[in-house]
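The values are calculated or read from the model by the stated rules, or taken from the named source; none is laboratory data. Quick caveat, the model's predicted, so the values are computed rather than measured. Neighbour counts are summed over all protein chains in view; Cβ atoms, including those assigned to glycine, are modelled from backbone coordinates with ideal geometry.
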Amino acid sequence: MEAPTGHEATLRVALFAVVLVGLAIGEARAPRRRLAPPPRPRRVANLALVVLNTAALRAALPAGAVGIAAAVQTRGFGLLPALELPGPIAFAATLLALDLAIYLQHRLFHAVPVLWRVHRVHHADRGFDWTTGVRFHPIEIALSLSIKAGAIAALGATPLAVLVFEALLSATSLFNHANLRVPLALDAALRRVVVTPDMHRVHHSANPRETHSNFGFNLPWWDWLFRSYRAQPAAGHEAMTIGLADLQAERPRELRWALAAPFAASVNAASERTGMV
């Protein structure tokens, strides 16, 4: 199963743009909650981070995860080729295994203090909309790609499966961070198969018990299986505080703060005192 690796960037950008436009329209017409602080400055910082991360990754590893899969396939590495599973089964197994790897990585970034210092940049966003879904520190992006590369090599994942997974991950990250009002009955049905905005918003609560729950990005099943699922925030979606309890000032919305935060001793000490690591 070959992937159109030469068109990977075009395909991913096109899907990203379609999902982005759809969610932006949906947020404008049916917002789930009022955003605070004023969204424009933090959105600029969030989008600047994704531009910076994309440029850095393209410079360091132009082929990305799909290129890693192509190299692995050429050498015949991995569990799935050894098992000689039928193509569709191997494809589905790759999507499930990579999603599990992302779930476990996410829990790791919450559990290990030095990794939490990096991942906290994502949680410091006091708003919650589609731009939060691209707010990650460059170090986290690099570490995530390294973990993903290891999973791809261990599996022997095909380029096509990795391309589909990467596209789904980008789309669902935008979707489950959207400030989008989804009817309760539809949300209940959707979260059986995909992480919804209401489900993931709990994870961005300033309440530590809620921050350390609902780690899934694509599939909700891992949270159920590993008992990290929390259905609703204690304060309700409209009243809950978004962000981190010790970082409710204005500065986390600045790009320079986001880039420097993992190395700021005073900020890290405050986070440790409040039990966030």
Q: Exactly one condition in (1) in contact with a helix residue (DSSP H, G or I) (Cβ under 8 Å, 6 or more places away or on another chain); (2) of a type outside the set (Val, Ile, Thr); (3) outside any helix (DSSP H, G or I) is not met by residue 34; state its number.
A: (1)
Q) Residue check: is residue 108 in contact with a Gly (Cβ under 8 Å, 6 or more places away or on another chain), among the hydrophobic types (A, V, I, L, M, F, W, C) and either surrounded by 20 or more Cβ atoms within 10 Å (Cβ to Cβ) or within 27 Å of residue 164 (Cα to Cα) (or both)? A) no
Q: Just one of (1) out of contact with any helix residue (DSSP H, G or I) (no Cβ under 7 Å at 6 or more places or on another chain); (2) under 30 Å from residue 205 (Cβ atoms); (3) surrounded by 12 or more Cβ atoms within 10 Å (Cβ to Cβ) trips up residue 18, so point out which.
A: (3)
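Looking at 15, 20, 57 in this structure, which one is over 29 Å from residue 244 (Cα atoms) and part of a helix (DSSP H, G or I)?
15 is the lone residue from the list that is over 29 Å from residue 244 (Cα atoms) and part of a helix (DSSP H, G or I).
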Q: Filter the stretch 225-253 down to residues that are under 21 Å from residue 263 (Cβ atoms) and at pLDDT 90 or above and give me whichever is surrounded by the fewest Cβ atoms within 10 Å (Cβ to Cβ).
A: 243
**Q.** Candidates 140, 166 - the one that is at pLDDT below 95, under 16 Å from the mean Cα position of the chain (by Cα) and in a helix (DSSP H, G or I)
**A.** 166
Q) Looking at residue 161, is it touching a Phe, Trp or Tyr at 6+ places or on another chain (Cβ under 6 Å), of a type outside the set (Asp, Glu) and closer than 21 Å to residue 69 by Cα? A) yes
